[in-house]
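Asker: Structure incoming, see below.
The values are calculated or read from the model by the stated rules, or taken from the named source; none is laboratory data. Keep in mind that what you see is a predicted model, and the values were worked out from it rather than measured. Cβ atoms come from the backbone with ideal geometry, glycine included; neighbour counts cover every protein chain shown. Heads up: the accessible areas ignore ligands, DNA and RNA and are worked out on the full protein's heavy atoms, side chains in. Shrake-Rupley method; radii C 1.70, N 1.55, O 1.52, S 1.80 Å.
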Amino acid sequence: MMIIEERLAKILQMVDEKRVVTVLELSEALKISESTIRRDLTTLDNNRKLRKVHGGATAINGSFAAADHDVQLREDHHRNEKQAIGKYSAGLIEKHDFVYIDAGTTTEAMVDFITETGAVYVTNGMVIATKLVKKGCRTIIVGGEIKPITDAVVGSEALNSLSKYNFSKGFFGTNGIEVKVGYSTPDPTEAQVKRAAFDRCKVAYVLADPTKFNLTAPVSFGNLEQAEIITTRLGSESYKKYTKVWEVDCT
């Protein structure tokens, strides 16, 4: 049996290396029950060695996005940036593309600018699907459980639906972008769907306003190099070392 001091040290090492870890990851890596991991995280949180969050832990330093907010609240934030990002992203869609659109307010803003009705669209966003249909676009919505706070379809049925598709392009929202962590989101079930769709895209684009950078949410769904980023003016070149970053004008 691993003694508690050694166990706590290994947990801290993983958190330091990955910045964000889930209870399941720790449990599998250390071969310890999830209930024991949760108690250890509570101990480390009380000693201010890390920050315990729902479903896992994060490093004590750096910004953290621990929870999803209501769709209406998120729509009101950085509206100009989202519209500029959405307009540019919509222009990337070509006739005969097979497109995945992730649920989210920035991807929803993109849908408002879509004019290409020759493409086929697949989405896990309830509102996005409705908007696409009204535009006369051929639209497929994945099956599964609806997450009310984000209007996203999640769960095992959604994962099964995605497993049969191969997308030419995919457009994704994110709650955080960080060099070591990659792209992350607060909810594990939504992260699973994002990751599954991410892996089925020939080219993936992450749509994010500058406030999402240097921010970490509990669950990662992709590494930086797996997608190109579409944002507005960053004021930093650091992320361009890892992937292609498109900076669009929002004036």
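Asker: With each run of n ≥ 4 DSSP H residues scored as -39500 (n - 2.57), what mean residue ellipticity at 222 nm is computed for the chain after dividing by its residue count and rounding to the nearest 500 deg cm²/dmol? Each step should come with its number before you reach the end.
Answerer: Values: 9 runs with 88 residues, N = 251.
That comes out to -10000 deg cm²/dmol.
Asker: For the chain, modelled as a GNM with alpha-carbon contacts under 10 angstrom, which of 217, 119, 129 fluctuates the most?
Answerer: Evaluated over the chain, the most mobile residue of the options is 119.
Asker: For residue 10 paired with residue 80, estimate the spin-label separation in nm (one decimal), with each label point 7 Å from Cα along the Cα-to-Cβ line.
Answerer: Result: 5.2 nm between the two label points.
Asker: Go through 51, 79, 138 and list them by solvent-accessible area, largest first, probe radius 1.4 Å.
Answerer: Details: 51 85, 79 110, 138 160 Å².
Accessible-area ranking of 51, 79, 138, largest first: 138, 79, 51.
Asker: A further question follows. Among DSSP bridges having both ends in the chain, what percentage is antiparallel? Round to the nearest 5.
Answerer: Of the beta bridges lying entirely in the chain, close to 40 percent run antiparallel.
Asker: Which order do you get for 110, 126, 14 if you rank them by accessible area with a 1.4 Å probe, largest at the top? Present the calculation step by step, with values, prior to reporting the outcome.
Answerer: Details: 110 0, 126 70, 14 35 Å².
Largest accessible area first, the list is 126, 14, 110.
Asker: Counting only protein heavy atoms, what percent of the accessible surface of the chain is carbon or sulfur at a 1.4 Å probe? Let's see the in-between values first.
Answerer: Working: 5980 of 12200 Å².
Ligands and nucleic acids excluded, carbon and sulfur reach 49 percent.
Asker: Can I ask one more? Tell me, what HN-Hα J-couplings in whole Hz come from the Karplus equation 6.51 cos²θ - 1.76 cosθ + 1.60 at θ = phi - 60° for each residue of segment 10-16, using x for Gly and Pro?
Answerer: 5, 4, 4, 5, 5, 5, 5
Asker: With springs only between Cα atoms under 10 Å, which of 181, 120, 219 fluctuates most in a Gaussian network model of the chain?
Answerer: Largest GNM mean-square fluctuation: 120.
Asker: Then there's this: Among 137, 196, 210, pick out the residue whose Cα is farthest towards the positive end of the charge dipole of segment 118-251, where Lys and Arg carry +1 and Asp and Glu carry -1 on C-beta, about the Cα centre.
Answerer: 137
Asker: Distance cut-off 22 Å, Cα to Cα: go down the list 164/202; 131/194; 134/164; 95/147; 82/180; 87/180 and report the pairs above it.
Answerer: Numbers: 164/202 14 Å; 131/194 20 Å; 134/164 26 Å; 95/147 31 Å; 82/180 25 Å; 87/180 29 Å.
From 164/202; 131/194; 134/164; 95/147; 82/180; 87/180, over 22 Å: 134/164; 95/147; 82/180; 87/180.
Asker: Stretched out fully, how many nm does the piece from residue 34 to residue 225 gain, at 0.36 nm a residue minus the Cα gap?
Answerer: Numbers: separation 191, 0.36 × 191 = 68.76 nm, distance 3.10 nm.
Taking 0.36 nm per residue and subtracting the Cα distance, the gain is 65.7 nm.
Asker: With every protein chain kept in place and ligands, DNA and RNA left out, what is the accessible area per residue of the chain? Probe 1.4 Å, answer in Å². If you can, show how the numbers build up before the last one.
Answerer: On the way: 12200 Å² over 251 residues.
Spelled out: the 1.4 Å probe surface of the chain, per residue, equals 49 Å².
Asker: Straight distance only, please: which aspartates and glutamates reach the Cα of residue 240 with their own Cα at less than 14 Å, same-chain residues fewer than 8 apart left out?
Answerer: Leaving aside aspartates and glutamates fewer than 8 places away in the same chain, those within reach of residue 240 are 178, 225, 228.
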